[in-house]
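Each reported figure results from applying straightforward, stated rules to the coordinates on display, with no laboratory input. These numbers were taken from a predicted model, which means no experiment stands behind them. Backbone-built Cβ (ideal geometry, glycine too); neighbour counts: all protein chains shown.
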Protein chains: 2
Amino acid sequence: MPSHPVPDIVVGRLPVYLRALTAMTQEGKVITSSQELATRLGFTSAQIRKDLSHFGEFGKQGLGYNIPFLSEQLRHILKLDRIWGVVLVGAGDLGRALANFQGFQERGFEIRIVFDSNPAKIGQSLGRFVIQDIDQLVPSLHESDIRIAMLAVPARVAQEVTGRLVEAGIRAILNYAPTTLSVPSGVFVQNIDPAVHLQRMTYYLLEHD
Amino acid sequence: MPSHPVPDIVVGRLPVYLRALTAMTQEGKVITSSQELATRLGFTSAQIRKDLSHFGEFGKQGLGYNIPFLSEQLRHILKLDRIWGVVLVGAGDLGRALANFQGFQERGFEIRIVFDSNPAKIGQSLGRFVIQDIDQLVPSLHESDIRIAMLAVPARVAQEVTGRLVEAGIRAILNYAPTTLSVPSGVFVQNIDPAVHLQRMTYYLLEHD
DNA sequence: CAGTGTGAAGAGGTTCACAGCG
DNA sequence: CGCTGTGAACCTCTTCACACTG
C-alpha cells in the first residue's frame, strides 16, 4: 500500500514481471536479479528496481530476489491472491476461444457465466457453460460478486452492452470490440483490437514488399 | 514523412483515430474537430492536434478536419493504403477465431496461410484455409511477400516458432502467446495476453466483494 | 469567430550513479 | 563484492495558451 500514487504504466508492467517469475519457477529457478529479469523482458534493470520500489523492498542487497517471495508480493499487490469471477459476453468464435482457454484460473480469473443475445444460441452450451440470455445480464449479475467482464460482441452493440455491464456492477472490462467504450469514472477498460495492434507495427515496416 | 522521429506512443494512437474516423464515416459524418474526436476517444483535443502535427497539416482553421481526407492521410502514414499478407501460426480455438474474423481485410490485412504442428490438424481445413505443416513454414514464407505473423501457439513453443518466423523474413509479430518473445532489432512485436490485461485492472478494484 | 497548429511550460517517466547492506 | 534501493539528472510526453487563418 504505497503512500504515493503509483503510475499506471508501472502497474501495467507488474503482470509481465509476474508472468516471467512464474515461468522461472517452472524452470526450477529460485533466485533472480533485476538484471536477469531485465534481459529476459527487454527492460532495464534500473526500471525494474524502480518499479518494485514503489511497493516496498523485496530484494536482498548483493543477492537479488527470491522468486517465490517476489511472486507472492506481486500477486498481493495486484490483488491476485484470490480468484476473480468473470462474465463473458458474446458467444461467437472469440467467445468460444475465451471460454475454452485453460489458463485463466491459474492467473487469478474464472469465467462464471456467459451471455449472448442470439436466440439460436441461448440455452446452447459453450464449453462448460450454458449460454444465457443477455436480457438476464443485469438481474443475474447484480446478485453475484462478479466485477470483471470480457466483452466479445460486435462493435455496433458494444456500447449498449457496456451500459448494462456498468449497471450490473461491473468495474473492469476487457474489451475485444473494435470501438472505444465510454464508461463512468471508477470503471476500467483495457482494449484488445488485433487490427489496431497490427496497424501500430505497419508504420515501421519498409515499403518494398 | 516527418523529418523528426515520431514517438512510438503517437504512432500507437493513430490506429485508434483512424478507427473512430471510419466509424464516423459510417454514421454519415464528413467533418469533425479535434474536440469531437477527443470527447469520443477520451483524449484531449490538444493531444490529437499535436499528434497529427507530427505528420503534416490536415485540418482547416476555424473548420476542423475533413473525415475522408484525414482517414486517407492516416492510412497512408500507417502504410495501410495496401493489403498486407499475414501468416497465422496455431490452429487452436484462438487460431480459428482469428482465421474466421471478418474485418481484417477492410483494415488492411489478409490472412494468407495457416500453420500448425499437430499432425492431426495438418491437411484439415480451418475456415477457408488448409492447415499447413509448420515444418514448411520457412520455405513457404521465404518465397512469399508476407512480412506479418499472428502467433497463436502455446507459450512453451512460442520462442522456437518466433525464430523460424524471423528466419522466414517476418518483421512484425502479433503475439498471443503468454510469454515475452526475444527478437532481433528490426522485428516488431505486439503482445496480447488477456490475463496480463485483466491483471492490470485488478490493482484498481476495491477489496470488498 | 471557431478551431488549427505550435512554441513554451509543465508533468511524468526513465536512467544514472552511488550509498548502503548482506 | 554484488546487487538493491533511491535521490538527482535527464529525457520524453502532455497540456497550455495564443497567433493565425479560412
Starting from the coordinates of the alpha-carbon atoms of region B:19-157, obtain the Kirkwood hydrodynamic radius over all distinct pairs and give the value in Å to one decimal.
17.7 Å
Sequence of A:His197, B:His142 once ranked by neighbouring C-beta atoms within 10 Å, starting from the fewest
B:His142, A:His197
Do me a favour and compute the ellipsoid semi-axes for the protein assembly as shown from its Cα gyration tensor, root of five times each eigenvalue, largest one first, whole Å.
31, 28, 26
Under 5 Å between amide hydrogens, which residues at least 5 positions from B:Leu126 or on another chain qualify, with H placed 1.01 Å from N in the peptide plane?
B:Ile131
The protein assembly as shown: Lys pairs at Cα distance under 29 angstrom, eight or more positions apart or on different chains
13
Averaging sequence separations of C-alpha pairs under 8 Å and six or more residues apart, then dividing by the length of region A:18-82, give the relative contact order as a whole percent.
39 percent
Pull out a ≥ b ≥ c, the square roots of the eigenvalues of the alpha-carbon gyration tensor of region B:1-88, then state rounded if a/c is under 1.5, prolate if not and a/b is larger than b/c, and oblate in the remaining case.
oblate
Under the Karplus curve 6.51 cos²θ - 1.76 cosθ + 1.60, θ = phi - 60°, whole-Hz ³J(HN,Hα) for region A:165-177, x wherever Gly or Pro sits:
4, 5, 4, 7, x, 5, 10, 9, 10, 8, 9, 8, 6
How many nanometers, to one decimal and shortest first, lie between the label point of B:Asp133 and those of its other copies, if labels sit 7 Å from Cα toward Cβ?
5.2
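Can you sort B:Tyr203, A:Tyr204 from fewest to most other Cβ atoms within 10 Å of each residue's own Cβ?
A:Tyr204, B:Tyr203
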Can you list, shortest first and in nm, the gaps between the label point of A:Leu206 and those of its counterparts in the other copies, using a point 7 Å from Cα in the C-beta direction?
5.6
Could you give, in nm with one decimal, how far A:Lys29 is from each other copy of that position, shortest first, with labels 7 Å out from Cα toward Cβ?
4.7
If amide H atoms are modeled at 1.01 Å from N in the peptide plane, then the residues at a separation of 5 or more from B:Ile111, or on another chain, having amide H under 5 Å from its own are B:Val86
Among rounded, prolate and oblate, which fits region A:85-195 when a ≥ b ≥ c are the square roots of the eigenvalues of its C-alpha gyration tensor, a/c under 1.5 means rounded, and a/b larger than b/c means prolate?
rounded
